[in-house]
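What follows draws every value from the coordinates through simple rules; no lab data is involved. These figures come from a predicted structure and were not determined experimentally. Positions of Cβ are generated from backbone atoms using ideal geometry, with glycine treated the same way; all protein chains shown enter the neighbour counts.
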C-alpha cells in the first residue's frame, strides 16, 4: 500500500467512525448502522465501569451510584451484539427490555468526542484502530442515573467492503466515569 492508498484508507476509517458517532448522537439509526460491516460484533460490556488500566480495579471515586448497579446495566442489551441488523435493532429500542424501551429516547442527549486514532493498516482491506473517546449523556426521568460522562478508548477492527471502510468489531474500555 503506497502513501496515497494509506491516506485514503485512513480517511475512510475516520468517515466510518464519524457515521457511528453522528448517528448515535442524533438518533439517526440508519446512519449509525451504515458504519458497521454486515457481520460486525459490537460489545460495549462495561461501558459505564471505569477500570484502572494497570490494576483492573474500579475507578469509582467520581460515581454517585454503585458498581453493582453499573455492572447490572450490561444485562440491558445482550452483549455482544452480532450483525448490523441486530445492532441497529438494539439501539432503536428492539432489545426486548421493557425498562430500556419505556425511557423516552427523545429526552436522551448524547455527544461523542473522538480523537487521536491510532490506525494500523494490516492489509489492503483490514485495519485495527484505537480511538480516544469522551462521551457525555443526559437521560430522562426513570433512567438509573441522569447524567454520564466517560473517558476511555474504543478498540476496533475495520474491514473494507465494496470500497467502503466499515467497523468489523467494536469494544470500549473506560479510564474514568462521572455519573450522577
MRE, 222 nm, helices only [DSSP H, n ≥ 4, -39500 (n - 2.57), over the chain, to nearest 500] = -8000 deg cm²/dmol
Per the Cauchy relation, a quarter of the hull surface: what is the mean projected area of the convex hull of the alpha carbons in the stretch 3-179, in nm²?
-> 10.1
Highest GNM mean-square fluctuation among 12, 56, 152, for the chain with Cα springs under 10 Å, belongs to 56
DSSP-defined antiparallel bridges as percent of all bridges, the chain, nearest 5 = 90
At a Förster radius of 45 Å, what calculated FRET efficiency corresponds to the Cβ-Cβ distance of residue 15 and residue 76, to the nearest 0.05?
-> 0.95
